[in-house]
Amino acid sequence: MVTMTTLAPTDEPDGAARIAGLDVLRGLAILGILFMNIPDMGASLWVMFSGDLTHVGWTAADRIAWFLREILATGTARCLLEMLFGAGMVILTDRAAQAAAGRWAVLRAYWWRSLVLFLFGVVHVFVLLWPGDILHTYGLAAMIAVLFRRLKPGWLLGIGLLMALTQLGGGGYGYYQATATRAAADAIEAKQAAGRPISAAERETLAEQEKRRAERAKDRAENDARVVAEDKARAAATGSFATWADAAWDAIIWMESRGFELLFVWEAASTMLIGAALYKWGVLQGRRSRSFYWRLTTIAYAVGLGSRTVGALDQMRMDGAPSIIWSLAEVARIATTLGHVGLVYLLLATAAGSRVLRTFEAAGRTALTLYILQTIACLWILYPPFALGLYGQQGWAAMMLTALAVNLGLLWLANWYVSRFAVAPVEWAWRSLVERRWLAFARRGIKAAPTDVVPA
């Protein structure tokens, strides 16, 4: 049996118990998310809508960095955080149910907690100027997911997967529609080129296809203009705090006005339900057998990494053609994330793996604070129009190395901090507002007790 040490439950200011395995996963996820966010912090946020990977940089090193990021990391840190949020929902509501007078009291308490998190996210967006904030989205999604908390894990998994696979009508349907329409238009154009007459319905199909091409060209032109405007607003030579703030606010308002928030909340709520099911089954906290995690890792990676590799190669063509990843994106994201979970617990079952991974427990305990510090380090020190002013000066490879350096510094800071204090600053503020009283900002003073995380 492999053990990790974690602080005793009474060492938390609000008396909350910790599960070491969940803290390790949360620490990995919160640091991993910077690899996803830093391209939008250090280069144009609008590039993600254009598909122009070369705008950030496309040297050989950049291509390798982007490819590895795409298949291993894209969406998986966010997915893992959503799953862990679902696990936390079960933990918190079960604890509240033991103390509360009834189910409505539990719901009210959890909705208040989620509302406070939502407000933290709003501040993150409009004050710290990060349009990619996840806190406000998770606050909204949690209010929905908690309604299903009492369901059995099979139902939670089924509903979560159904929501994940539908994605509000996108995904597979979008891929099928695009490929079918293109194939039909190509056949009609070949028929026309051969000098054969085409019907009125076929002429209508060609006209519709041409209309779609014109709309896509217009969208690309508008997005290219937004990229140019953002580069000007955020670059050190041409921008200022005012232009940067205006660009950030414009980005979030544009996304909200087009309903992106609904898509983000849908994704988060569905994955929270999956995470709640996995927690009830003991998967996320490492309570299953080693052979189970071997099977989970092997199967999940085969599905996830296989399809994501195909999708990444499709994207690298940058020809706008339909990609199979449109259909498999969410399946691949969830599968790859589960592969990561399985691999973590396999490594925790080894002495060397446990020594390395236990350092991430501190990051999991301070995840909310680290998330805000990532924004401060990147948006307010590295890439604003002032301070270091590095916006637009790094390619994919350089930004991945920068994210690694920032994360290493934050990981050291987290371990230093939890050895001295019981709760991180942002977590303290959140919990204090949730409980409507100022919690004691306790220093560390309780001896660690061993906690099992992986059974033999």
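The values are calculated or read from the model by the stated rules, or taken from the named source; none is laboratory data. In this text, all values refer to a predicted model and were calculated from it rather than measured experimentally. Cβ atoms come from the backbone with ideal geometry, glycine included; neighbour counts cover every protein chain shown.
Considering Arg196, Arg182, which residue is modelled with pLDDT of 75 or more and not hydroxyl-bearing (Ser, Thr, Tyr)?
Values: Arg182 fails: modelled with pLDDT of 75 or more.
Going through Arg196, Arg182 in turn, just one is modelled with pLDDT of 75 or more and not hydroxyl-bearing (Ser, Thr, Tyr): Arg196.
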#### Entry: In the stretch 104-136, residue surrounded by the fewest Cβ atoms within 10 Å (Cβ to Cβ) [restricted to those that are without any contact (Cβ under 8 Å) to a residue 12 or more places away in the chain and more than 28 Å from Cys378 (Cβ to Cβ)]
Trp104
### Query
Only one of these conditions is not met by Leu388: (1) touching a residue at least 40 places away in the same chain (Cβ under 8 Å); (2) touching a Leu at 6+ places or on another chain (Cβ under 7 Å); (3) surrounded by fewer than 18 Cβ atoms within 10 Å (Cβ to Cβ). Which number is it?
(1)
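When the residues of the stretch 1-45 are filtered to those that are β-branched (Val, Ile, Thr) and at pLDDT 95 or above, which remaining residue is farthest from Gly286 (Cα to Cα)? Lay out the reasoning, then the answer.
Taking the stretch 1-45 and keeping what is β-branched (Val, Ile, Thr), we get 2-3, 5-6, 10, 19, 24, 30, 33, 38.
Next, from what is left, pick out any that are at pLDDT 95 or above: 24, 30, 33, 38.
Working: Val24: 11, Ile30: 19, Ile33: 22, Ile38: 30 Å.
Out of the qualifying residues, it is Ile38.
Can you find a residue that is touching a residue at least 40 places away in the same chain (Cβ under 8 Å), surrounded by fewer than 19 Cβ atoms within 10 Å (Cβ to Cβ) and either outside any helix (DSSP H, G or I) or not basic (Lys, Arg) (or both) anywhere in the stretch 362-371?
Step one: filter the stretch 362-371 for residues touching a residue at least 40 places away in the same chain (Cβ under 8 Å), giving 362-371.
Subsequent filtering for residues that are surrounded by fewer than 19 Cβ atoms within 10 Å (Cβ to Cβ) retains none.
The answer is no; no qualifying residue exists.
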### Task
Determine the pairs where a residue that is modelled with pLDDT of 80 or more, located within the stretch 435-446, has a partner that is of a type in the set (S, T, N, Q) and surrounded by 10 or more Cβ atoms within 10 Å (Cβ to Cβ) with Cβ atoms under 8 Å apart, the partner being 6 or more residues away or on another chain.
Trp438/Ser432; Leu439/Ser432
### Message
Kindly evaluate Trp130 against the criterion of being modelled with pLDDT of 85 or more, part of a loop (DSSP other than H, G, I, E, B) and either at negative phi or of a type in the set (S, T, N, Q) (or both).
### Response
yes
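Please find, within the stretch 56-84, the residue that is surrounded by the fewest Cβ atoms within 10 Å (Cβ to Cβ) out of those that are in a loop (DSSP other than H, G, I, E, B) and in contact (Cβ under 8 Å) with a residue 60 or more places away in the chain. Show your work before the answer.
The first filter runs over the stretch 56-84 and keeps only residues in a loop (DSSP other than H, G, I, E, B), leaving 56-59, 73-75.
In the following step, the residues that additionally are in contact (Cβ under 8 Å) with a residue 60 or more places away in the chain were identified as 56-59, 74-75.
Details: Val56: 23, Gly57: 21, Trp58: 16, Thr59: 13, Thr74: 20, Gly75: 21.
Only one residue tops the list, namely Thr59.
Taking the stretch 266-285 as the region of interest, how many residues are within 12 Å of Leu338 (Cα to Cα) and not polar (S, T, N, Q)? Give the derivation first.
Step one: filter the stretch 266-285 for residues within 12 Å of Leu338 (Cα to Cα), giving 271, 274-275, 278, 283-284.
If we keep only those that are not polar (S, T, N, Q) as well, we get 274-275, 278, 283-284.
Final tally of qualifying residues: 5.
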### Query
What number goes with the only condition from (1) surrounded by fewer than 18 Cβ atoms within 10 Å (Cβ to Cβ); (2) in contact with a helix residue (DSSP H, G or I) (Cβ under 7 Å, 6 or more places away or on another chain) that Gly304 does not pass?
(1)
### Task
Just need a number here: residues in the stretch 235-244 that are loosely packed, with under 15 Cβ neighbours inside 10 Å and part of a helix (DSSP H, G or I).
2
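Select from the stretch 364-412 the residues that are of a type in the set (Ser, Thr, Tyr) and out of contact with any Phe, Trp or Tyr (no Cβ under 7 Å at 6 or more places or on another chain) and list them in ascending order. Break it down stepwise before answering.
Our first condition is that a residue be of a type in the set (Ser, Thr, Tyr); within the stretch 364-412, this holds for 366, 369, 371, 375, 383, 391, 402.
Passing the criteria: Thr369, Tyr371, Thr402.
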### Message
Report every pair of residues separated by at least 6 positions or lying on different chains whose Cβ atoms are under 8 Å apart, first residue within the stretch 149-169 and modelled with pLDDT of 95 or more, second assigned to a loop (DSSP other than H, G, I, E, B).
### Response
Pro153/Trp281; Ile159/Leu151
### Query
Are there any pairs, at least 6 apart or on different chains, whose C-beta atoms fall under 6 Å, with the first in the stretch 300-311 and within 11 Å of Glu70 (Cβ to Cβ) and the second part of a helix (DSSP H, G or I), and if so, which?
Leu305/Ile71; Arg308/Ile71; Arg308/Ala332; Thr309/Ile71; Gly311/Ile325
#### Entry: Which numbered condition Leu404 misses (of (1) closer than 30 Å to Arg234 by Cα; (2) touching a Ser or Thr at 6+ places or on another chain (Cβ under 9 Å); (3) part of a helix (DSSP H, G or I))
(2)
### Message
Could you tell me how many of the residues in the stretch 321-347 are of a type in the set (A, V, I, L, M), in contact with a Lys or Arg (Cβ under 8 Å, 6 or more places away or on another chain) and at pLDDT 95 or above?
### Response
1
### Query
Which one of these does Val283 not meet: (1) farther than 22 Å from Ala43 by Cα; (2) surrounded by fewer than 18 Cβ atoms within 10 Å (Cβ to Cβ)?
(2)
